[in-house]
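Here's the structure, in structure tokens; my notes come after.
Just so it is clear, none of the values below were taken in a lab; they were calculated from the coordinates. Everything quoted here is computed from the prediction, not taken from an experiment. In this analysis, Cβ positions are derived from the backbone assuming ideal geometry, glycine residues included, and neighbour counts consider all displayed protein chains.
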């Protein structure tokens, strides 16, 4: 039953890095996902919008926030936020599912030019709500669970997408395999050139961490063997 329950999540949780970009929201660095990318992924899973899935706007409002002031303290306006609540529906295996979510966007706010109004706020709020609702079903879960904070994970996803897009998938997979073997050889060469046990331990820790993130369990074993061989030689020199 667990596999059945996780089938949709597992099929849509991985994100194409090319559909993301770094962004800063309220001073916090995040990975932003292209809304059209998530809509395409939902279409792949459920069918066209309006047939296999879609959404209904349940509520839309503008909320007044704090005062916007000049540097001298003079009030020149108020912050206003736009909020939308939607019910996203979808059809899967002959059953209908529904998810409710909110989307929020600053509408009027203080900027370096003074009081700024974003007339695109309603559209942005809707996109935000759709992405959040799809995220609850597992779409791009690797971003929302923090996997994209790991540079090695992102590189792995880039490699997988390169293979998926390649005309000759076998040739691309082989190219990447040779690239990985080159990485392993470089790691072993550096470990073998270690002048001290301290340097060897540092390199071994670094390369094992990298190999583990790459999912290269065989490489971890090979690195461990090299560590034993080199440490033995260094001990003989002492």
Segment 95-125 and segment 170-237: distance between their alpha carbon centers, rounded to Å: 49 Å
Using the 10 angstrom Cβ neighbour count as an exposure proxy, how do 10, 16 rank, fewest first? 10, 16
Would you work out if segment 50-113 is rounded, prolate or oblate? Take a ≥ b ≥ c from the square roots of the eigenvalues of the alpha-carbon gyration tensor; rounded if a/c is under 1.5, else prolate when a/b is larger than b/c, oblate otherwise. prolate
Helix 151-165 versus the longest principal axis of the chain: what is the Cα-based angle in degrees, 0 to 90, to the nearest 10? 80 degrees
With Cα atoms, 0 to 90° folded angle of helix 169-192 axis to the chain main axis: 60 degrees
Per-residue ellipticity at 222 nm for the chain, helices alone: DSSP H runs ≥ 4 residues times -39500 (n - 2.57), over residue total, nearest 500 deg cm²/dmol? -16000 deg cm²/dmol
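Taking the Cβ-Cβ separation of residue 205 and residue 111 as r and a Förster radius of 45 Å, what is the calculated FRET efficiency to the nearest 0.05?
0.45
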177, 85 arranged by Cβ crowding within 10 Å, fewest neighbours leading: 177, 85
Please give, to one decimal in nm, the separation of the simple spin-label points placed at residue 174 and residue 120, each 7 Å out from Cα toward the Cβ. 4.5 nm
On C-alpha positions alone, give me the angle between the axis of helix 217-237 and the longest principal axis of the chain, in degrees, nearest 10. 40 degrees
Using only alpha carbon positions, build the gyration tensor of segment 106-238, then give the equivalent ellipsoid semi-axes as the square roots of 5 times its eigenvalues, largest first, whole angstrom. 46, 21, 13
Would the chain count as rounded, prolate or oblate if I go by the C-alpha gyration tensor, calling it rounded below 1.5 in a/c and otherwise prolate when a/b exceeds b/c, oblate otherwise? oblate
Find the centroid of the Cα atoms in segment 1-72 and in segment 153-167, then give the distance between the two in whole Å. 22 Å
Applying the gyration tensor rule to the Cα atoms of segment 129-178 (axes a ≥ b ≥ c; rounded if a/c under 1.5, else prolate if a/b exceeds b/c, else oblate), the class is oblate
